[in-house]
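Peer 1: The structure under discussion is supplied below as C-alpha coordinates; questions concerning it will follow.
The values are calculated or read from the model by the stated rules, or taken from the named source; none is laboratory data. What you see is a predicted model, and the numbers here were worked out from it, not measured in a lab. Here Cβ is always computed from backbone atoms with ideal geometry, including for glycine, and neighbour counts include all displayed protein chains. Note: accessible area is taken over every heavy atom of the protein model, side chains too, but ligands, DNA and RNA are not part of it. Shrake-Rupley method; radii C 1.70, N 1.55, O 1.52, S 1.80 Å.
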Amino acid sequence: HEVNAQEKAYEFIKEGILTLSLKPNSHLSAVSLAENLGMSRTPIREALSRLEQEGLVVKGPLNGFYVRAIRLKEIIDTYRVREALEVEAALEALPLIDNRILERLAALLEESRALIQSPDHGQFLVINRKFHQQILDATKNEVFPLLMGPIHDRVRLIGAILIRKYAARKQEVFEENQNIYLALLDRDPDALEKAVRTHVRKAREHAAQFLIEDGQQLILGAE
(Lines give C-alpha, C1' and ligand atoms only; values in the text may rest on other atoms or scores of the structure.)
Protein backbone atom coordinates (compact mmCIF):
# COMPACT_ATOMS: atom_id res chain seq x y z
CA HIS A 1 0.00 0.00 0.00
CA GLU A 2 2.87 2.34 0.91
CA VAL A 3 4.47 1.61 -2.49
CA ASN A 4 1.19 2.44 -4.26
CA ALA A 5 0.92 5.69 -2.28
CA GLN A 6 4.50 6.64 -3.19
CA GLU A 7 3.84 5.88 -6.89
CA LYS A 8 0.63 7.94 -6.81
CA ALA A 9 2.45 10.87 -5.15
CA TYR A 10 5.34 10.58 -7.62
CA GLU A 11 3.04 10.64 -10.67
CA PHE A 12 0.97 13.52 -9.27
CA ILE A 13 3.96 15.78 -8.49
CA LYS A 14 5.81 14.88 -11.68
CA GLU A 15 2.74 15.61 -13.81
CA GLY A 16 2.33 18.95 -12.02
CA ILE A 17 5.93 19.90 -12.79
CA LEU A 18 5.82 18.77 -16.43
CA THR A 19 2.55 20.57 -17.18
CA LEU A 20 3.62 23.74 -15.32
CA SER A 21 0.82 23.65 -12.76
CA LEU A 22 3.76 23.51 -10.33
CA LYS A 23 5.94 26.45 -11.40
CA PRO A 24 9.76 26.51 -11.51
CA ASN A 25 11.26 27.53 -8.14
CA SER A 26 7.97 26.99 -6.29
CA HIS A 27 8.10 25.32 -2.87
CA LEU A 28 6.74 21.76 -2.62
CA SER A 29 5.16 21.42 0.81
CA ALA A 30 5.00 17.80 1.97
CA VAL A 31 2.21 18.78 4.38
CA SER A 32 -0.10 20.33 1.77
CA LEU A 33 0.69 17.63 -0.82
CA ALA A 34 -0.17 14.96 1.78
CA GLU A 35 -3.47 16.74 2.52
CA ASN A 36 -4.30 17.09 -1.20
CA LEU A 37 -3.63 13.43 -1.89
CA GLY A 38 -5.11 12.12 1.35
CA MET A 39 -1.99 10.26 2.47
CA SER A 40 0.79 10.50 5.05
CA ARG A 41 3.93 12.57 4.48
CA THR A 42 6.22 9.52 4.19
CA PRO A 43 5.26 8.53 0.59
CA ILE A 44 5.35 12.23 -0.37
CA ARG A 45 8.92 12.58 0.91
CA GLU A 46 9.94 9.36 -0.86
CA ALA A 47 8.41 10.63 -4.11
CA LEU A 48 10.20 13.99 -3.74
CA SER A 49 13.53 12.22 -3.15
CA ARG A 50 12.97 10.17 -6.31
CA LEU A 51 12.18 13.33 -8.30
CA GLU A 52 15.32 14.94 -6.87
CA GLN A 53 17.36 12.03 -8.28
CA GLU A 54 15.71 12.62 -11.66
CA GLY A 55 16.67 16.29 -11.54
CA LEU A 56 13.11 17.67 -11.47
CA VAL A 57 13.18 18.94 -7.87
CA VAL A 58 15.96 20.29 -5.62
CA LYS A 59 16.49 20.57 -1.88
CA GLY A 60 16.40 24.15 -0.69
CA PRO A 61 16.88 25.90 2.63
CA LEU A 62 15.91 23.91 5.75
CA ASN A 63 15.72 20.76 3.60
CA GLY A 64 12.51 21.85 1.87
CA PHE A 65 11.97 20.73 -1.75
CA TYR A 66 11.49 23.11 -4.69
CA VAL A 67 10.65 22.68 -8.37
CA ARG A 68 13.97 22.86 -10.18
CA ALA A 69 14.29 25.60 -12.82
CA ILE A 70 16.00 24.36 -15.96
CA ARG A 71 18.92 26.40 -17.29
CA LEU A 72 19.32 27.31 -20.94
CA LYS A 73 22.53 25.27 -21.37
CA GLU A 74 20.75 22.18 -20.05
CA ILE A 75 17.91 22.71 -22.52
CA ILE A 76 20.33 22.99 -25.45
CA ASP A 77 22.28 19.94 -24.22
CA THR A 78 19.03 17.97 -23.83
CA TYR A 79 17.95 18.71 -27.40
CA ARG A 80 21.39 17.77 -28.79
CA VAL A 81 21.22 14.35 -27.12
CA ARG A 82 17.56 13.97 -28.09
CA GLU A 83 18.36 14.67 -31.75
CA ALA A 84 20.99 11.91 -31.90
CA LEU A 85 18.76 9.37 -30.12
CA GLU A 86 15.56 10.16 -32.02
CA VAL A 87 17.28 9.96 -35.42
CA GLU A 88 18.71 6.56 -34.43
CA ALA A 89 15.32 5.39 -33.11
CA ALA A 90 13.47 6.49 -36.27
CA LEU A 91 15.99 4.76 -38.55
CA GLU A 92 15.81 1.57 -36.44
CA ALA A 93 12.00 1.71 -36.54
CA LEU A 94 11.76 2.30 -40.30
CA PRO A 95 12.03 -1.34 -41.51
CA LEU A 96 9.75 -2.51 -38.66
CA ILE A 97 6.88 -0.07 -39.19
CA ASP A 98 3.94 -1.89 -40.77
CA ASN A 99 0.60 -0.63 -42.11
CA ARG A 100 -1.04 -0.99 -38.71
CA ILE A 101 1.48 1.41 -37.12
CA LEU A 102 1.23 3.80 -40.10
CA GLU A 103 -2.56 3.88 -39.63
CA ARG A 104 -2.10 4.72 -35.94
CA LEU A 105 0.34 7.50 -36.78
CA ALA A 106 -2.07 8.91 -39.39
CA ALA A 107 -4.93 8.83 -36.83
CA LEU A 108 -2.79 10.67 -34.25
CA LEU A 109 -1.88 13.29 -36.86
CA GLU A 110 -5.58 13.86 -37.57
CA GLU A 111 -6.28 14.22 -33.84
CA SER A 112 -3.51 16.77 -33.48
CA ARG A 113 -4.66 18.68 -36.59
CA ALA A 114 -8.09 19.09 -34.97
CA LEU A 115 -6.44 20.60 -31.86
CA ILE A 116 -4.23 23.21 -33.59
CA GLN A 117 -6.74 26.03 -33.02
CA SER A 118 -7.90 24.74 -29.64
CA PRO A 119 -6.86 26.52 -26.42
CA ASP A 120 -6.30 23.04 -24.92
CA HIS A 121 -2.52 22.91 -25.36
CA GLY A 122 -2.20 19.99 -22.95
CA GLN A 123 -4.18 17.57 -25.10
CA PHE A 124 -2.20 18.58 -28.21
CA LEU A 125 1.04 17.78 -26.36
CA VAL A 126 -0.34 14.40 -25.22
CA ILE A 127 -1.12 13.43 -28.85
CA ASN A 128 2.31 14.64 -29.97
CA ARG A 129 3.95 12.47 -27.30
CA LYS A 130 1.91 9.42 -28.38
CA PHE A 131 2.99 9.97 -32.00
CA HIS A 132 6.69 9.87 -31.11
CA GLN A 133 6.18 7.01 -28.64
CA GLN A 134 4.69 4.86 -31.42
CA ILE A 135 7.90 5.23 -33.42
CA LEU A 136 10.06 4.50 -30.37
CA ASP A 137 8.00 1.40 -29.49
CA ALA A 138 8.32 0.10 -33.06
CA THR A 139 12.11 -0.25 -32.65
CA LYS A 140 11.67 -3.06 -30.06
CA ASN A 141 14.96 -1.70 -28.66
CA GLU A 142 14.76 -2.02 -24.87
CA VAL A 143 17.53 0.51 -24.16
CA PHE A 144 15.79 3.48 -25.82
CA PRO A 145 13.12 3.89 -23.09
CA LEU A 146 15.84 3.89 -20.39
CA LEU A 147 17.78 6.63 -22.16
CA MET A 148 14.83 8.61 -23.48
CA GLY A 149 12.73 8.73 -20.28
CA PRO A 150 14.59 11.61 -18.54
CA ILE A 151 15.02 13.42 -21.88
CA HIS A 152 11.31 13.17 -22.68
CA ASP A 153 10.45 14.56 -19.23
CA ARG A 154 12.51 17.69 -19.92
CA VAL A 155 11.19 17.94 -23.47
CA ARG A 156 7.60 17.79 -22.14
CA LEU A 157 8.34 20.61 -19.72
CA ILE A 158 9.99 22.79 -22.39
CA GLY A 159 7.24 21.94 -24.91
CA ALA A 160 4.55 23.06 -22.45
CA ILE A 161 6.37 26.36 -21.94
CA LEU A 162 6.96 26.95 -25.66
CA ILE A 163 3.37 26.34 -26.71
CA ARG A 164 2.08 28.70 -24.00
CA LYS A 165 4.43 31.44 -25.18
CA TYR A 166 4.29 30.77 -28.91
CA ALA A 167 0.94 29.35 -30.08
CA ALA A 168 2.13 29.12 -33.72
CA ARG A 169 4.39 26.26 -32.55
CA LYS A 170 1.37 23.92 -32.70
CA GLN A 171 1.01 24.34 -36.46
CA GLU A 172 4.78 23.86 -36.87
CA VAL A 173 4.82 20.71 -34.73
CA PHE A 174 1.93 19.28 -36.75
CA GLU A 175 3.76 19.94 -40.05
CA GLU A 176 7.04 18.55 -38.70
CA ASN A 177 5.30 15.36 -37.53
CA GLN A 178 3.51 15.09 -40.89
CA ASN A 179 6.91 15.17 -42.64
CA ILE A 180 8.17 12.39 -40.34
CA TYR A 181 5.06 10.35 -41.17
CA LEU A 182 5.44 10.89 -44.94
CA ALA A 183 9.09 9.81 -44.81
CA LEU A 184 8.04 6.62 -42.97
CA LEU A 185 5.27 6.05 -45.52
CA ASP A 186 7.77 6.43 -48.38
CA ARG A 187 10.33 4.22 -46.59
CA ASP A 188 12.88 6.98 -47.21
CA PRO A 189 15.70 6.95 -44.61
CA ASP A 190 17.29 10.22 -45.83
CA ALA A 191 13.99 12.14 -45.71
CA LEU A 192 13.25 10.56 -42.31
CA GLU A 193 16.56 11.64 -40.80
CA LYS A 194 16.10 15.17 -42.15
CA ALA A 195 12.50 15.40 -40.83
CA VAL A 196 13.45 14.22 -37.32
CA ARG A 197 16.47 16.55 -37.14
CA THR A 198 14.33 19.50 -38.28
CA HIS A 199 11.67 18.76 -35.65
CA VAL A 200 14.17 18.63 -32.76
CA ARG A 201 16.27 21.59 -33.95
CA LYS A 202 13.23 23.86 -34.37
CA ALA A 203 12.19 23.19 -30.79
CA ARG A 204 15.75 23.84 -29.59
CA GLU A 205 15.94 27.15 -31.50
CA HIS A 206 12.58 28.34 -30.13
CA ALA A 207 13.55 27.43 -26.56
CA ALA A 208 16.75 29.46 -26.82
CA GLN A 209 14.98 32.37 -28.52
CA PHE A 210 12.17 32.66 -25.98
CA LEU A 211 14.46 32.43 -23.01
CA ILE A 212 16.60 35.27 -24.36
CA GLU A 213 13.56 37.35 -25.36
CA ASP A 214 12.20 37.03 -21.83
CA GLY A 215 15.50 38.23 -20.44
CA GLN A 216 15.58 35.28 -18.06
CA GLN A 217 19.14 34.08 -18.15
CA LEU A 218 18.72 31.17 -15.79
CA ILE A 219 15.19 29.84 -15.94
CA LEU A 220 12.55 29.22 -18.51
CA GLY A 221 8.89 29.54 -17.77
CA ALA A 222 8.76 31.30 -14.42
CA GLU A 223 5.81 33.66 -14.50
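Peer 1: Heavy-atom accessible area of ILE70 with all protein chains present, probe 1.4 Å, nearest 10 Å²?
Peer 2: 10
Peer 1: Magnitude of the Cβ-charge dipole of the chain, K/R +1 and D/E -1, about the Cα centre, nearest 20 debye?
Peer 2: Once rounded to the nearest 20, the dipole reads 580 debye.
Peer 1: With everything on Cα atoms, drop me the angle between helix 99-114 and the longest principal axis of the chain, reported from 0 to 90° to the nearest 10.
Peer 2: Taking Cα atoms only, the helix is inclined about 60 degrees.
Peer 1: Need one word for the stretch 106-199: rounded, prolate or oblate. Basis is the Cα gyration tensor (sqrt eigenvalues a ≥ b ≥ c); a/c below 1.5 gives rounded, then a/b vs b/c decides.
Peer 2: Taking the square roots of the gyration eigenvalues as a ≥ b ≥ c, the stretch 106-199 is oblate.
Peer 1: Compute the acute angle (0 to 90°) between the alpha-carbon long axis of helix 143-165 and the principal axis of greatest extent of the alpha-carbon atoms of the chain; round to the nearest 10°.
Peer 2: The helix 143-165 is inclined about 80 degrees to the chain.
Peer 1: Working with all protein chains in place, sort TYR181, TYR79 by solvent-accessible area computed with a 1.4 Å probe, largest first.
Peer 2: Accessible-area ranking of TYR181, TYR79, largest first: TYR181, TYR79.
Peer 1: Once you order the gyration tensor axes a ≥ b ≥ c over the Cα atoms, which shape class does the stretch 1-43 get: rounded for a/c under 1.5, otherwise prolate or oblate by comparing a/b with b/c?
Peer 2: Oblate, since a/c reaches 1.5 and b/c is not below a/b.
Peer 1: What whole-number value in Å² describes the accessible area per residue of the stretch 1-84 for a 1.4 Å probe?
Peer 2: It amounts to 53 Å² per residue over the stretch 1-84.
Peer 1: Starting from the amide H of LEU28, placed 1.01 Å from N in the peptide plane, find each other amide H under 5 Å away whose residue is 5 or more places distant or on another chain.
Peer 2: Placed amide hydrogens put PHE65, TYR66, VAL67 under 5 Å from LEU28.
Peer 1: Per residue, how much accessible area does the stretch 105-190 show when a 1.4 Å probe rolls over the protein heavy atoms, in square angstrom?
Peer 2: 49
Peer 1: Taking the Cα-to-Cβ direction at LYS140 and at ARG201 and moving 7 Å from each Cα, how far apart do the two end points lie in nm?
Peer 2: According to this spin-label approximation, the distance is 3.3 nm.
Peer 1: If you don't mind, another one. For percent of Cα pairs over 33 Å apart, the choices are [x] 15; [y] 21; [z] 34; which was calculated from the structure?
Peer 2: After the calculation, the listed value that fits is [y].
Peer 1: Another question, if that's okay. How tilted is helix 2-18 with respect to the longest principal axis of the chain? Cα atoms for both, answer in degrees (0 to 90, nearest 10).
Peer 2: Between the helix axis and the principal axis of the chain, the angle is about 70 degrees.
Peer 1: How high is the relative contact order of the chain? Use alpha-carbon pairs under 8 Å, at least six apart in sequence, and give a whole percent.
Peer 2: 27
Peer 1: Just list whichever of LYS23/LYS130; LYS23/LYS170; LYS8/LYS202; LYS59/LYS140; LYS8/LYS170 have alpha carbons separated by over 28 Å in the model shown.
Peer 2: From the list (LYS23/LYS130; LYS23/LYS170; LYS8/LYS202; LYS59/LYS140; LYS8/LYS170), the Cα-Cα distance tops 28 Å for LYS8/LYS202; LYS59/LYS140; LYS8/LYS170.
Peer 1: Take the Cβ-Cβ distance between ARG100 and GLU7 as r, set R0 to 30 Å, and report the resulting FRET efficiency rounded to the nearest 0.05.
Peer 2: The computed FRET efficiency comes out at 0.45.
Peer 1: Counting only protein heavy atoms, what percent of the accessible surface of the chain is carbon or sulfur at a 1.4 Å probe?
Peer 2: After summing per-atom areas, the C and S share lands at 53 percent.
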